[in-house]
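Remarks on the structure that follows.
The values are calculated or read from the model by the stated rules, or taken from the named source; none is laboratory data. What you see is a predicted model, and the numbers here were worked out from it, not measured in a lab. FYI the Cβ positions are ideal-geometry reconstructions off the backbone, even for glycines, and counts take in every protein chain you see. Surface areas here come from the heavy atoms of the whole protein model, side chains and all, with no ligands, DNA or RNA. Shrake-Rupley method; radii C 1.70, N 1.55, O 1.52, S 1.80 Å.
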Amino acid sequence: MSIAVVQFGGSNCDLDIIHVLKDVLGVDAELVWYKEENLDRFDGIVIPGGFSYGDYLRAGAIAARTPIMNSVKKQADAGKPVIGICNGFQVLTESGLLAGALTTNNYPKFRCEPTYLRVETTDTPFTSMFRKGEILSIPIAHMEGNYYADEPTLAALEKNDQVVFRYVDKNGNATDEANPNGSRENIAGIVSQRKNVLGMMPHPERASEEVLGSTDGLKVFRSMVEYISDR
């Protein structure tokens, strides 16, 4: 098993994910530069957080148009699991692999803080090790994490069980106060129609070891590894 961790100019969470995959989970993982055009040798892909290309034009817009994204799309079409975290989520929406868009936080400042998430579905390659309704503590670090989609898209996401994580308070209530960026329906993460592509704004790699204060995010990667093993 080998997982690709994509690097763009401005990525800054790539080494964190490599550490979690290789040192915490013992999985082979490799940094792959954005000019790579063939990802066939990999069993899964992670697009990490950061500020690819300085977030010029729109966050993730330039990265979404680099050569490697054609190969990411090819691997996603083949059913391989793909995770985009924070800036990676932005890249996935900009490239059309996920519905909707990420816009500036309703309070237009960078926010870096712990958040509570509620697991909305376990029927994905990334959440099979969770319980539906489980409350997680995973931090955010973004200025453009406000998830937007029009009403028909939101209805389709709900109908198809594509909403994976929602911002909630510690008791599991999806309130305005628990929403750190203004995302519609408190959405923190979604999957594609086939459910093998996940985008999430919170950083599971920053909640994957006890020393970080939470290991809730580790099960996202463990679920992905288990899915790959069972394919």
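Assorted remarks:
- Between residue 33 and 7, the built amide H atoms are under 5 Å apart, and every one of these is 5 or more places off in sequence or on another chain.
- Exposed chymotrypsin sites (Phe, Trp or Tyr not before Pro) absent: longest stretch of the chain, with sites in DSSP loops and at most 16 other Cβ within 10 Å deemed exposed: 111-231
- For the chain, the gyration tensor built on C-alpha atoms gives a rounded shape. Its axis ratio a/c (a ≥ b ≥ c) stays under 1.5.
- Taking a ≥ b ≥ c as the square roots of the eigenvalues of the Cα gyration tensor, an a/c ratio of 1.5 or more together with a/b larger than b/c marks the stretch 162-203 as prolate.
- Among the trypsin sites (Lys or Arg not before Pro) within the stretch 1-81, those in coil by DSSP and having at most 16 neighbouring Cβ atoms inside 10 Å are 35, 41, 58.
- Area accessible to solvent at residue 214, 1.4 Å probe radius, in Å²: 10 Å²
- Ranked order, 113, 120 - accessible area, probe 1.4 Å, largest first: 113, 120
- P(r) of the stretch 6-64 over all Cα-Cα pairs, binned every 10 Å from zero, in whole percent: 22, 49, 25, 3
- Estimated at the nearest 10 Å², the accessible area of residue 112 is 90 Å² with a 1.4 Å probe.
- Gyration tensor over alpha-carbon atoms, the stretch 62-198, equivalent ellipsoid semi-axes in Å: 23, 18, 13
- Whether the stretch 11-113 is rounded, prolate or oblate, judged on the alpha carbon gyration tensor where a/c under 1.5 counts as rounded: oblate
- ³J(HN,Hα) computed for each position of the stretch 133-143 - Karplus, 6.51 cos²θ - 1.76 cosθ + 1.60, integer Hz, glycine/proline x: x, 4, 9, 10, 10, 9, x, 10, 7, 7, 10
- Surrounding net charge for residue 138, when Lys and Arg each add one and Asp and Glu each subtract one, Cβ distance under 15 Å: -2
- Measuring between their Cα centroids, the stretch 7-37 and the stretch 173-195 lie 26 Å from each other.
- Most to least accessible of 118, 231 (protein chains only, probe 1.4 Å): 231, 118
- Measuring with a 1.4 angstrom probe and ignoring ligands and nucleic acids, residue 230 comes out at about 120 Å² accessible.
- Here the sum of -39500 (n - 2.57) over DSSP H runs of 4 or more residues, divided by the residues of the chain, equals -5500 deg cm²/dmol at 222 nm, to the nearest 500.
- Across the protein chains, with a 1.4 Å probe defining accessible surface, the residues 203, 19 rank 19, 203 from largest area downward.
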